[in-house]
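Enquirer: Dropping a structure here in structure tokens format, bear with me for questions.
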Amino acid sequence: MRLFSCQKCNNLLHFENTSCEQCGSALGFLPRHGLLSAFEADGVTAMLDRQAWKPCANAAQEACNWRLAADDAESFCPSCRHNEVVPDLTVAENLPLWRKLEGAKRRLLYTLDRLGLPHQTSELRFFFLGDVDGQPAMTGHEDGHITIALREADDAERERRRGLMNEPYRTLLGHLRHEVGHWYFIVLVERAGRTADFRQLFGDESADYGAALQAHYAKGANDDWRGAYISAYAAAHPHEDWAECFAHYLHMVDSLETAASVGLRVRPRLDRQGVLETEVDFNPYRASMNEILAAWTPLTVAMNEINRSMGTPDLYPFVLSAPVARKLGFIHELVHHRPETRVS
């Protein structure tokens, strides 16, 4: 994610902002441009392009800061149009949880747009579900329909579940990136005729999925999973391996864009050989996989150390082995429609 700038006063802005802290101008994200814009006093004219833009209907619930063209027949922005089911907002506690889900979804869609990945609203649909009659909603994916359990937006509950599952990382954005990865397996692998190439790296996805997950939850991953997988869950089945790697690919490009946007440079004084030296001064959405990997390790080592200094868990508690790097390179190739041959 990049930083933005107010067109009226040049104040720094962030993706979620709805008004400028310095000049008070109303703000809205313009998906067509991929930029945040300040608005004139009429609340409709964008200072970015002098065009008229109306707020998304979900702005009334303080759940969206995206805009759509004033003459658009739709009421919802391109992000909210993907919603199939939202929580019951007559239940007071659901509203703040839903807002968190929508914020994470907008970040997901921003990254997909930056990568130029298709996400037609007719195919990619989101179901944000609360528990019903004591039956917990389950997070998952089926043919482009992504379900996220509303309780995952409750930080304490999500952390409880993370502990129960013995996971090093569990976030709303991580859930969304993982589940959308299942959708892009259909788009980038199956529809593109790349299944044979996929199997060389990830294994045979036709293996019984239900049985594989049942075995994973009963016995866990083998002790040596770190040599070939990004996470223990990735070792459960080729579909989960792909989805985990796809999520991490999105983690990487989005985080590196943030690092570039703030001008981050890593140069440890004690690293006399320059192993952990990097300056993130490139666009990760147009970089090679080797450039991404070369910057990612120093960045995450530095950020992990900062987190430890604050007494918080590592920002990125994962290790990218050579097999994982090759899987990420394959995803990069499919995303950008070009062969990536240098990852080793």
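Enquirer: Checking Leu30 against (1) of a type in the set (A, V, I, L, M); (2) surrounded by 19 or more Cβ atoms within 10 Å (Cβ to Cβ); (3) not assigned by TED's automatic domain parsing to the domain that holds Gln7, which test does it fail?
Expert: The number of the failed condition is (3).
Enquirer: While we're on this one: Only one of Leu108, Leu97 is in contact (Cβ under 8 Å) with a residue 12 or more places away in the chain and out of contact with any Lys or Arg (no Cβ under 7 Å at 6 or more places or on another chain). Can you tell me which?
Expert: Exactly one residue qualifies, and that residue is Leu97.
Enquirer: Collect the residues in region 120-150 that are assigned to a strand (DSSP E or B) and not hydrophobic (A, V, I, L, M, F, W, C), keeping them in residue-number order.
Expert: Listed by number, the residues that qualify are Arg125, Gln135, Gly140, His141, Glu142, His145, Thr147.
Enquirer: Considering only region 308-318, I want to know if a residue exists there that is surrounded by fewer than 16 Cβ atoms within 10 Å (Cβ to Cβ), part of a helix (DSSP H, G or I), of a type outside the set (Gly, Ala, Ser) and modelled with pLDDT of 95 or more.
Expert: Among the residues of region 308-318, at least one is surrounded by fewer than 16 Cβ atoms within 10 Å (Cβ to Cβ), part of a helix (DSSP H, G or I), of a type outside the set (Gly, Ala, Ser) and modelled with pLDDT of 95 or more, which makes the answer yes.
Enquirer: Consider Ser5 against the criteria (1) within 23 Å of the chain's Cα centre (by Cα); (2) touching a residue at least 12 places away in the same chain (Cβ under 8 Å): it satisfies all of them except one. Which criterion is unmet?
Expert: Checking Ser5 against (1) within 23 Å of the chain's Cα centre (by Cα); (2) touching a residue at least 12 places away in the same chain (Cβ under 8 Å), the one that fails is (2).
Enquirer: Just to be sure I understand the filter: pairs with C-beta atoms under 8 Å, separated by 6 or more residues or on different chains, first member in region 304-322 and in contact (Cβ under 8 Å) with a residue 40 or more places away in the chain, second member in a loop (DSSP other than H, G, I, E, B) and of a type in the set (Val, Ile, Thr). Which pairs pass?
Expert: Correct list of pairs: Phe318/Ile230; Leu320/Ile230.
Enquirer: On to the next question. Which residue pairs have Cβ atoms closer than 8 Å, lie 6 or more positions apart in sequence or on different chains, and pair a first residue in region 276-293 that is loosely packed, with under 15 Cβ neighbours inside 10 Å and at pLDDT below 90 with a second residue that is outside any loop (DSSP other than H, G, I, E, B) and of a type outside the set (A, V, I, L, M)?
Expert: If the second residue must be outside any loop (DSSP other than H, G, I, E, B) and of a type outside the set (A, V, I, L, M), the pairs left are Glu277/Pro298; Glu279/Arg265.
Enquirer: List the residue pairs whose Cβ atoms are under 7 Å apart, where the first residue sits in region 39-59 and is among the polar types (S, T, N, Q), the second is surrounded by 15 or more Cβ atoms within 10 Å (Cβ to Cβ) and in a loop (DSSP other than H, G, I, E, B), and the two are 6 or more positions apart or on different chains.
Expert: Going by the 7 Å Cβ cut-off, the qualifying pairs are Asn58/Cys64; Asn58/Phe76.
Enquirer: Considering only residues that are without any contact (Cβ under 8 Å) to a residue 24 or more places away in the chain and part of a loop (DSSP other than H, G, I, E, B), look in region 202-231 and name the one that is surrounded by the most Cβ atoms within 10 Å (Cβ to Cβ).
Expert: Selected residue: Ala221.
Enquirer: Let me ask you something else. Does Ala259 satisfy being within 16 Å of the chain's Cα centre (by Cα) and in contact (Cβ under 8 Å) with a residue 24 or more places away in the chain?
Expert: So Ala259 passes the test.
Enquirer: Assess whether Gly174 counts as being outside the structural domain of Glu16 (by TED's automatic domain parsing) and at positive phi.
Expert: The answer is no for Gly174.
Enquirer: Among the candidates Leu108, Leu112, Leu117, which residue alone is surrounded by 20 or more Cβ atoms within 10 Å (Cβ to Cβ), out of contact with any Pro (no Cβ under 7 Å at 6 or more places or on another chain) and either in the same structural domain as Ala218 (by TED's automatic domain parsing) or modelled with pLDDT of 95 or more (or both)?
Expert: Working: Leu112 fails: surrounded by 20 or more Cβ atoms within 10 Å (Cβ to Cβ); Leu117 fails: surrounded by 20 or more Cβ atoms within 10 Å (Cβ to Cβ).
One residue alone meets the criteria, Leu108.
Enquirer: On to the next question. Residues that are loosely packed, with under 13 Cβ neighbours inside 10 Å, of a type in the set (D, E, K, R) and more than 18 Å from the chain's Cα centre (by Cα): does region 72-87 have at least one?
Expert: There is no residue in region 72-87 that is loosely packed, with under 13 Cβ neighbours inside 10 Å, of a type in the set (D, E, K, R) and more than 18 Å from the chain's Cα centre (by Cα).
Enquirer: In addition: Taking Ala192 as meeting all but one of (1) under 19 Å from Gly140 (Cβ atoms); (2) exposed (fewer than 14 other Cβ atoms within 10 Å of the Cβ), write down the number of the exception.
Expert: (1)
The values are calculated or read from the model by the stated rules, or taken from the named source; none is laboratory data. Quantities reported herein were computed from a predicted structural model and do not represent experimental measurements. Quick reminder, even Gly has a Cβ in these numbers, built from the backbone with ideal geometry, and neighbours come from all protein chains shown.
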